[in-house]
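Trainee: Pasting in a structure now, in C-alpha cells, and then I'll have a few things to ask.
The values are calculated or read from the model by the stated rules, or taken from the named source; none is laboratory data. From a predicted model like this one, the values you see are computed outputs, not experimental measurements. Don't worry about glycine lacking a Cβ; one is built from the backbone with ideal geometry, like all the others, and counts go over all protein chains shown. The area values use the complete protein model at the heavy-atom level, side chains included, leaving out ligands, DNA and RNA. Shrake-Rupley method; radii C 1.70, N 1.55, O 1.52, S 1.80 Å.
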Amino acid sequence: MESLSDKTIESEKHDLGISLDAKDIDTGAQLVSGESVFLDKTEELRIRRKIDKHVLPLMCSAIQFMDKTTLGSSAILGIRTATHLTTNQCIILSLRLGTIFYLGYLVCEYPQNLALQRFPVGKWMSLNIFVWGIALSCHAACTNFAGLFVARLVLGMCEGSITAGFMIVSSMFYTRSEQTVRVGYWFMMNGTAQIVSGFISFGSLHIHTKGFEPWQWFVSMELMVITGFLTVLTAIAFFFIFPDSPTNAWFLTSEERAKAIHRIKGNQTGVENKQFKKEQMIEAIMDPKTWLFALFTVLDDIPNSITNQSQIIVSSFGFSNLHTTLLGCVSGVIEIVTVTTGVKIAAHVPNSIAWVAIVYFIPNILGVFLVNFLPWSDKVGLLFSIWITGRISAHHSLRLGTTGFVLCLAWISQTTAGHTKKVTTNAIMLSAYGLGNAAGPFLWQEKYKPRNRVPWIIIGICWIVCVALLYAIRVLLKARNMARDAEPRDDTYDGVYVTKINEDGKREEVKVDKEFLDLTDMQNRDFRYVL
C-alpha cells in the first residue's frame, strides 16, 4: 500500500497561499487518496456487518455499568446497620462517595480525551478498563471511608476514557444515521447491567453466614469475584481485539479498510488526526453549540443523583428489601425498550433527533408532578412515578428520558468535525456530565424527607430547561444550514494534493478530498448539521 510522505501538501490554487503538512490531514487519506474505490449498496452492507460483528460486541461487553449501583444496593442490604451508621451518617457517606466518583471523572476528562487523540484508542481504553477492574476488586477490601474514597476516585478517573472513546470509535466506523443507533446499542447495556445487578442483590439477601453481612457478600461477590474479574478479562480483550481505527482494523483487508473509510466519507468528519491543533481547540471553546450541549448535559445529569438514593427512596414506600431489589430490575427493562425505540425513530426519520429527545422528556416532567402530589399511601402510583422520572440504576439514567441523553451523545458527534475540535467538545460535554453528577447528590438532605419535594422540583426544572436547550440547539444548527445553503459554494479546498511514493519509488501528486483534510465543521462550508 502506498503511503503519504511527510513532505508538504500544496493546493494547485497557489495564489490562495494554501500549504499543508502531511500530519495536518486525516489518517484516512492514506488509504483513499488517489485510489479508485468502488462501493455499491451490497458491498457497503457487507462491510458494515463485518464492523458490527467485531466492534459492537466489545463495546457492549464493557461491564463498567454495574459499579454505580453498589452504594445504593449495599444500603438496602444492611450496610447502614452493619457499620452502625445513623441515617444522617449514611446520607453523608452516600453524598461523599457519589460525588467523589464524578469528581475524578470531571478532573480527568480532558486529559483522557487528549490521550485518546494521542494514543491508539483501543489500547488506551484497555489500560483504563484494566485499572478499573483492579479498583472494583479493591472495594471488597475497603473497611473505612478513606478506602472507599480512593477506590471510587480511581473508578471515576478511568471512566473518563470509556464514553469518550466509544463516541470517537462510533464516528470512525459508522455513518451519521448508523451512529445514532449504535450509540443506543452500547448505551443500552446500562439496562442490562441494572437487571443483572438487581438479581445479584436479590441473591445476596438469601446469604446468611456468621460474621459476614449480606452487603459484604454483595460487594465481594459482585465487585471482586464477578465484576472485577470480568472487567479485567474485558481489558485483555480490548487490548488484543478492539480496533484503534478503520485504517488498521485487523479484521479488515487492505481493500476493505479503504472501503470502510470511503463509506463514511459523507459524514464530512474523516477518521482521526493524531496532531493536536490549537486553533481547533479554540474554535470548540468559542462555538456556542459546545456550551449549549454542555449546559444540557449538566442539567440532564443533576437528576442522576437518584442513582445512589433510589433504592432507599423505594424502600421508604414500604416495600421489603427483597421487593426493592427486584423492582430495581424494572428500570433496566424500561431503558432497553425506550432507548431502542428512540434511536430507531431518530435514525429513520431525517432531522428528528431534537424532536424525539423532547418527546421522551415529557413523561419525566409528568412524573415529577405525580411524585409530589400523589398521596404518600399510594405506593403503586408513587412507584410508577419513580420509574418514569428517576434513575433507579447504574450509570447515566434509566428512565424514559434516557433517550434524550443518548441522542445528545450521538448528536454532538454528528455535528462536530475536526479531530481536535471533536475531542475538545467531547471533553467539555463529558466534564459537564461529571459536574452535574457531582452536584446532584447534595439535593438529597435529611430535612427534605420523606417526600423530598424540593429535590424533585429542582429536577423537574432541570428537565424543562433541557427541553428548551434541545430546541435552541436545533434552531441554531438549522440557521447555520440555511446560511450555508444561501452562500456560493466554497472551493478553497477543492484542489489540495499530497505527494505519495508509488511502488516504483517515484513521487507522485494525488488529490486529497476535502472530507479528509481534518477541517472543522466551521471551516468546511459543505458540512451540513444533522437536526
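Trainee: When you scan the stretch 486-531, how many residues do you find that are part of a loop (DSSP other than H, G, I, E, B) and either open to solvent by less than 60 Å² (accessible area, probe 1.4 Å) or at pLDDT 80 or above (or both)?
Mentor: Result for the stretch 486-531: 27.
Trainee: Take THR163 and tell me if it is touching a helix residue (DSSP H, G or I) at 6+ places or on another chain (Cβ under 9 Å) and open to solvent by 10 Å² or more (accessible area, probe 1.4 Å).
Mentor: no
Trainee: I would also like to ask the following. Condition (residue is at negative phi, open to solvent by 10 Å² or more (accessible area, probe 1.4 Å), among the β-branched types (Val, Ile, Thr) and at pLDDT 85 or above) applied to the stretch 326-340: is it met by at least one residue?
Mentor: No - not one qualifying residue is present in the stretch 326-340.
Trainee: Can you report the number of residues in the stretch 101-114 which are open to solvent by less than 10 Å² (accessible area, probe 1.4 Å) and hydrophobic (A, V, I, L, M, F, W, C)?
Mentor: Number of matching residues: 1.
Trainee: I'd like to know if the stretch 267-277 contains one or more residues that are under 22 Å from MET172 (Cα atoms), at pLDDT below 90 and of a type in the set (Ser, Thr, Tyr).
Mentor: yes
Trainee: I need a count of the residues in the stretch 343-357 that are surrounded by fewer than 18 Cβ atoms within 10 Å (Cβ to Cβ) and in a helix (DSSP H, G or I).
Mentor: Selection size over the stretch 343-357: 3.
Trainee: Further question on the same structure: Is there a residue in the stretch 430-445 that is over 30 Å from GLY160 (Cα atoms) and either open to solvent by less than 60 Å² (accessible area, probe 1.4 Å) or without any contact (Cβ under 8 Å) to a residue 24 or more places away in the chain (or both)?
Mentor: Among the residues of the stretch 430-445, not one is over 30 Å from GLY160 (Cα atoms) and either open to solvent by less than 60 Å² (accessible area, probe 1.4 Å) or without any contact (Cβ under 8 Å) to a residue 24 or more places away in the chain (or both), which makes the answer no.
Trainee: Scan the stretch 267-278 and tell me whether some residue there is among the charged types (D, E, K, R) and within 16 Å of ARG48 (Cβ to Cβ).
Mentor: Scanning the stretch 267-278, I find no residue that is among the charged types (D, E, K, R) and within 16 Å of ARG48 (Cβ to Cβ), so the answer is no.
Trainee: Now a separate question. Is it the case, given these coordinates, that LEU398 is under 16 Å from the mean Cα position of the chain (by Cα) and at pLDDT 85 or above?
Mentor: Criteria not met by LEU398.
Trainee: Please find, among PRO246, PRO214, PRO288, the residue that is at pLDDT below 90, under 30 Å from GLY440 (Cβ atoms) and out of contact with any Pro (no Cβ under 6 Å at 6 or more places or on another chain).
Mentor: None of the others qualify; the one that does is PRO214.
Trainee: Taking interchain pairs and intrachain pairs at least six residues apart, which have beta carbon atoms under 9 angstrom, with the first residue in the stretch 234-254 and over 22 Å from ASN128 (Cβ atoms) and the second loosely packed, with under 13 Cβ neighbours inside 10 Å?
Mentor: PHE251/LYS53; SER254/MET1
Trainee: Next up: Restricting to the stretch 146-181, name every residue that is free of Cβ contacts under 8 Å to residues at least 24 places away in the same chain and of a type in the set (Gly, Ala, Ser).
Mentor: Of everything in the stretch 146-181, those that are free of Cβ contacts under 8 Å to residues at least 24 places away in the same chain and of a type in the set (Gly, Ala, Ser) turn out to be ALA146, GLY147, ALA151.
Trainee: Separate question: Given the conditions (1) open to solvent by 10 Å² or more (accessible area, probe 1.4 Å); (2) under 19 Å from the mean Cα position of the chain (by Cα), which single one is not true for LYS449?
Mentor: Only one criterion is unmet by LYS449, namely (2).
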